[in-house]
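These notes concern the structure reproduced below.
The values are calculated or read from the model by the stated rules, or taken from the named source; none is laboratory data. If you're wondering where the values come from, they're calculated on a predicted model, not measured in any experiment. A quick note on method: Cβ atoms are made from the backbone with ideal geometry, for glycine too, and the neighbour counts reach across all protein chains shown. The area values use the complete protein model at the heavy-atom level, side chains included, leaving out ligands, DNA and RNA. Shrake-Rupley method; radii C 1.70, N 1.55, O 1.52, S 1.80 Å.
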Amino acid sequence: VALNLSEYAEVVLEHAIDQAARHEEVELHLVTVASRHADREAAKRQLAALVEPALAELEGRSWRARVHVRFGDAANEIVNLAEDVRAHMIVVGRFGLHRGPLGRIASAIIATAPCPVLVVGLVDRTRDREPQCEACVAARAQSDGEVWFCAEPRAPARAPQQPAFVTSTSFTDGGLMW
């Protein structure tokens, strides 16, 4: 779990704990990548203080947690730690203003990660650049989500929506994972 100790770190941590709670035996590695001039022990204490209350959600399960402080390029250090501990998943945030659907660090992690990556963003941010088609919204509601679009063809003036996901292929232990 990559945490940058910003005000959004708790959102990332909440998603990571939610994923961990789905398993019986959990081993969490929580990492922050600090600036080269940061005090390692102070950063470790700050990370532990952030994480400790959230771990109460795992009560009743067998779990272990370890905090790590690394220095250097954030994406490289997060991926390196995932490789070192043979992680099954990386949880990372993407917050702030970006020139694409993901930030630089999240994109680099996705491109080089040895395991699946869960990218957490703010839920109140929408990619809609124009109001939704009311007929499409009605079709979704009437079909309980089975039908997403109305029968009306898209107006020629409407630009196609940008994909919300980065396409990638995941490999696990040398085989393609579907």
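Values for this structure:
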item: Cβ-Cβ under 7 Å pairs, at least 6 apart or on other chains, the stretch 62-78 side small (Gly, Ala, Ser), far side part of a strand (DSSP E or B); result: 62/25; 65/28; 65/30; 72/33; 74/33
item: Residue count for the stretch 59-88, restricted to those that are buried (at least 17 other Cβ atoms within 10 Å of the Cβ) and in a helix (DSSP H, G or I); result: 7
item: Only listed residue being in contact with a strand residue (DSSP E or B) (Cβ under 6 Å, 6 or more places away or on another chain), loosely packed, with under 15 Cβ neighbours inside 10 Å and part of a loop (DSSP other than H, G, I, E, B), chosen from 36, 22; result: 36
item: Lone unmet requirement of (1) within 30 Å of residue 8 (Cβ to Cβ); (2) in a loop (DSSP other than H, G, I, E, B); (3) at pLDDT 50 or above; (4) open to solvent by less than 80 Å² (accessible area, probe 1.4 Å) for residue 150; result: (1)
item: The stretch 45-54, residues that are buried (at least 17 other Cβ atoms within 10 Å of the Cβ) and either touching a strand residue (DSSP E or B) at 6+ places or on another chain (Cβ under 8 Å) or over 15 Å from residue 29 (Cβ atoms) (or both); result: 46, 47, 51
item: Subset of the stretch 68-88 (residues that are of a type in the set (Val, Ile, Thr) and more than 18 Å from the chain's Cα centre (by Cα)); result: 69, 85
item: Residue among 12, 33 that is at negative phi, among the β-branched types (Val, Ile, Thr) and more than 14 Å from the chain's Cα centre (by Cα); result: 33
item: Residue in the stretch 12-22 that is closer than 17 Å to residue 118 by Cβ and either β-branched (Val, Ile, Thr) or touching a Gly at 6+ places or on another chain (Cβ under 6 Å) (or both) present; result: yes
